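The values are calculated or read from the model by the stated rules, or taken from the named source; none is laboratory data. Being a predicted model, the structure only gives us computed values, none of them experimental. Positions of Cβ are generated from backbone atoms using ideal geometry, with glycine treated the same way; all protein chains shown enter the neighbour counts.
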Amino acid sequence: MPKLTIADLDKIVEREKDTVALREGTPLGDKKNIMLCAGTACVSLKSRRIKVALEKELSKHGLDKKISVILTGCNGFCAVGPVMTVMPDGIFYHSIKEEDIPYLVEEHFVNGNPVEKYMYHPPGKKEVIARMNEIDFFAHQTLIALRNKGHIDPERIDDYIARDGYRALAKVLTEMTPEDVVNEIANSGLRGRGGGGFATGRKWASAAKSKRKPKYIICNADEGDPGAYMDRSIIEADPHSVIEGMLINAYAIGSDTGFVYIRTEYPLARSRLGIAIEQAREYGLLGQRIFGTDFSFDIHIKQGAGAFVCGESSALRASIEGKVGEPTPKYDHATEKGLWQKPTVLNNVETYANVPIIILKGAEWFAGMGTEKSKGTKVFSLVGNIENTGLIEVQMGTALRQIIYDIGGGVPKGKKLKGVQTGGPSGGCIPESMLDMPVDFDELTRAGSMMGSGGMIAMDENTCMVNVAKYFIEFCNDESCGKCTTCRDGSEALLEILDRISEGTGREEDLGLLEEISNAIIEGSLCGLGKSLPNPVLSTLKYFREEYETHIRDKKCPAGVCKNLFQYKVNAEACKKCGLCFKNCPVGAITWEKKQVAEINQEKCTKCGICYGVCKFNAIDIV
């Protein structure tokens, strides 16, 4: 395949302009595109089989020439997958099953009657919302890093080029000096989206000044936070945006070699990235003399084994070099002595996805969004006790309340929100009373949490904060590389105390001991994992101390999570004598007869919580 010239980009844009317009909502005769999500979540729910079923039914009705089924990356609304959007109408269908397809095709595409039962019904409301852009989950977002999600086939490079893909690369190679590029990124205020929030422009400038060769670019796709999938989804939906961002970074600092370090648990992202790299090579967008210039650059994929600590920069570099993935002291900046002791720039997936559009639209445009010190947008994985789980992107400075209620739809089943955990396993817990705080790097840090890579977990009133701290400390203890005594043994000591408290044998002095050990871990640990590891403990002690005290003094777990510290009992006044709890108890711990109040045998009860969950009348109390 011949290498592309800049003029060839124009030809692809011209050739694909009708398709782009169609997918953005412009009618094009009787043509339609069905944009079917094929991100990891929807693929696991058989969206690929749905594609086959759709094409079969469309062909059966003679519609296959007019209606195309396009597999996209993650649409974002993971709570209701598999999802698909019919363009140009914007009709949004969700929770589709293979057996639904014959009826859906006949009604919508043959008879012209969009099917309400597959449309979105907001929780607790009778209304039906037909169009995707009218659903609150989508309507309150600002898409930059996720700008192409749902619009393109991630395995087709022309789809990306048709939406101004590789136009930013052409611009920097023909109109800008490397110094111009560094200054543009610096002036935009872009900060690294991988957790540390370091100024991207400063990092690039430092590497650009170094006279040592060769220089390396690394994209960190080793996303390991529980409940986080931002980077994975960006690669699955729009891999070329990451490749283009790396190319621009390489030109800016004078590098000819890049690596994407991606975890082994991301097979779909790894596959799509590999396809995108090969397509870019075939078009001459990777390799020698790109766009006929003197600039050459190529990308190699390095697969990590899933060690959480390899998300840390020095451990990641060691892993690429074939060494044990553990942190090393940072006597020198990586931009001077990084990979193989050569100048290296490392940014994460989301950071690179922002770069092309900043170059195209300008630093001033990007800096016009967000807060004074946190510019642009941030992608979050919104999960936990919330109606609308999924991948979202909002402007920096957006209030937590807007994220949780306007986008997330609030807490299910009418329960109250207790708090929000941000920043991954070494992040912190923010109470409901602080929901009006703006979300940016500095505000989260001041609150005792962190931005991290973008995990956000909503927690309802039935969440035990002692258990939350215990869960994250246990994770960090398992993932500690063991190099630092403070991290290795300190996390073990924290876990031992939290176990004691949750089992009902905690002591008054344990709270002070938790704080003392936490501070020692922060002071004595080498890398960011150890220095932020105590955040779950310190933040829950700060905002939910009374819950710890109740566990210790009263030997009670108010949330009904720590099994030694509560019982399930039937509220005789609220019980409707329906027997639902009796029918669902897996261990036969409940006795019940028709028209009689149920009773729970505490000796047999395993506290699995099934009776509490199935009761429709809130007749099971936690005492």
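Please tell me if G448 is at pLDDT below 95, within 17 Å of R193 (Cα to Cα) and small (G, A, S).
Judged against the criteria, G448 is not a match.
Does K470 satisfy the criteria of being within 24 Å of A559 (Cβ to Cβ) and among the basic types (K, R)?
Working: within 24 Å of A559 (Cβ to Cβ): yes; among the basic types (K, R): yes.
In short, yes.
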Exercise. Of all residues in the stretch 471-512, which are surrounded by fewer than 19 Cβ atoms within 10 Å (Cβ to Cβ) and part of a loop (DSSP other than H, G, I, E, B)?
Worked result: G482, K483, E503, G504, T505, R507, E508, E509
Exercise. Looking only at residues in the stretch 46-66 that are surrounded by fewer than 20 Cβ atoms within 10 Å (Cβ to Cβ) and not charged (D, E, K, R), which one is nearest to the chain's Cα centre (by Cα)?
Worked result: V52
Problem set entry | Flag if T335 is touching a residue at least 24 places away in the same chain (Cβ under 8 Å) and either part of a loop (DSSP other than H, G, I, E, B) or on the phi > 0 side of the Ramachandran plot (or both) | yes
Exercise. Just to be sure, is T550 surrounded by fewer than 20 Cβ atoms within 10 Å (Cβ to Cβ), assigned by TED's automatic domain parsing to the domain that holds S480 and part of a helix (DSSP H, G or I)?
Worked result: yes
Exercise. Of the residues that sit in the stretch 11-30 and are of a type in the set (D, E) and exposed (fewer than 12 other Cβ atoms within 10 Å of the Cβ), which one is nearest to Y166 (Cα to Cα)?
Worked result: E14
For this session: Could you tell me whether the stretch 377-388 includes any residue that is part of a strand (DSSP E or B) and among the aromatic types (F, W, Y)?
Result: yes
Exercise. Between a first residue in the stretch 385-397 that is over 21 Å from M434 (Cα atoms) and a second residue that is hydroxyl-bearing (S, T, Y), which pairs have beta carbons less than 6 Å apart while being 6 or more apart in sequence or on different chains?
Worked result: L391/S233; L391/S381
Problem set entry | Test: residue in the stretch 319-326 that is in contact with a Cys (Cβ under 8 Å, 6 or more places away or on another chain), free of Cβ contacts under 8 Å to residues at least 60 places away in the same chain and surrounded by 15 or more Cβ atoms within 10 Å (Cβ to Cβ) | yes
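Of all residues being in a loop (DSSP other than H, G, I, E, B) and of a type in the set (G, A, S) in the stretch 113-155, which is surrounded by the fewest Cβ atoms within 10 Å (Cβ to Cβ)? Just the residue, please.
In the first step, residues of the stretch 113-155 are kept if they are in a loop (DSSP other than H, G, I, E, B); the result is 113-115, 119, 121-128, 130, 135, 140-155.
Right, trim to of a type in the set (G, A, S) and you get 124, 130, 145, 150.
Details: G124: 11, A130: 17, A145: 28, G150: 26.
Per the criteria, the residue is G124.
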Exercise. Of the residues in the stretch 289-324, how many are over 24 Å from the mean Cα position of the chain (by Cα) and in a loop (DSSP other than H, G, I, E, B)?
Worked result: 9
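Can you name every residue in the stretch 421-451 that is hydrophobic (A, V, I, L, M, F, W, C), out of contact with any Asp or Glu (no Cβ under 8 Å at 6 or more places or on another chain) and not in a helix (DSSP H, G or I)? Steps first, please.
Initially, the stretch 421-451 is screened for residues hydrophobic (A, V, I, L, M, F, W, C), giving 429-430, 434-435, 437, 439, 441, 444, 447, 450-451.
Restricting the remaining residues to those that are out of contact with any Asp or Glu (no Cβ under 8 Å at 6 or more places or on another chain) gives 429-430, 434-435, 439, 441, 444, 447, 450.
Within the stretch 421-451, C429, I430, L435, V439, A447, M450 meet the criteria.
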Problem set entry | the stretch 67-80, subset within 23 Å of V110 (Cβ to Cβ) and among the β-branched types (V, I, T), residue surrounded by the most Cβ atoms within 10 Å (Cβ to Cβ) | I70
Problem set entry | Pair list, Cβ under 9 Å, 6 or more apart: the stretch 499-510 residue at positive phi, other residue in a loop (DSSP other than H, G, I, E, B) | G504/K555; G504/K556; G504/C557; G504/C562
Problem set entry | Residue identified as within 18 Å of K413 (Cα to Cα) and among the aliphatic types (A, V, I, L, M) among A589, A574, A598 | A574
For this session: With respect to K418, determine if the residue is surrounded by fewer than 24 Cβ atoms within 10 Å (Cβ to Cβ), among the basic types (K, R) and in a loop (DSSP other than H, G, I, E, B).
Result: no
Exercise. Can you tell me which residue in the stretch 553-603 is nearest to L494 (Cα to Cα), limited to those that are polar (S, T, N, Q) and outside any helix (DSSP H, G or I)?
Worked result: Q567
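From C78, C74, which residue is touching an Asp or Glu at 6+ places or on another chain (Cβ under 6 Å), of a type in the set (A, V, I, L, M, F, W, C) and under 21 Å from V379 (Cβ atoms)?
C74
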For this session: State all residues of the stretch 1-44 that are among the aliphatic types (A, V, I, L, M), touching a Gly at 6+ places or on another chain (Cβ under 8 Å) and closer than 23 Å to E107 by Cα; if no residue qualifies, say none.
Result: M35
Exercise. Across the stretch 553-565, what is the total count of residues that are surrounded by 20 or more Cβ atoms within 10 Å (Cβ to Cβ) and over 33 Å from the mean Cα position of the chain (by Cα)?
Worked result: 1
Problem set entry | The lone exception for A207 - which of (1) surrounded by fewer than 23 Cβ atoms within 10 Å (Cβ to Cβ); (2) touching a Ser or Thr at 6+ places or on another chain (Cβ under 6 Å) it fails | (1)
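Okay, residues lined up against (1) at pLDDT below 95; (2) among the hydrophobic types (A, V, I, L, M, F, W, C); (3) within 23 Å of Q395 (Cα to Cα):
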| position | (1), (2), (3) |
| --- | --- |
| F109 | no, yes, no |
| N113 | no, no, no |
| Y120 | no, no, no |
| T142 | no, no, yes |
| D153 | no, no, no |
| R163 | no, no, yes |
| L169 | no, yes, no |
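Would the stretch 165-178 turn up any residue that is in contact with a strand residue (DSSP E or B) (Cβ under 7 Å, 6 or more places away or on another chain) and surrounded by fewer than 20 Cβ atoms within 10 Å (Cβ to Cβ)?
Applying the first criterion (in contact with a strand residue (DSSP E or B) (Cβ under 7 Å, 6 or more places away or on another chain)) to the stretch 165-178 yields none.
No: the stretch 165-178 contains no residue that is in contact with a strand residue (DSSP E or B) (Cβ under 7 Å, 6 or more places away or on another chain) and surrounded by fewer than 20 Cβ atoms within 10 Å (Cβ to Cβ).
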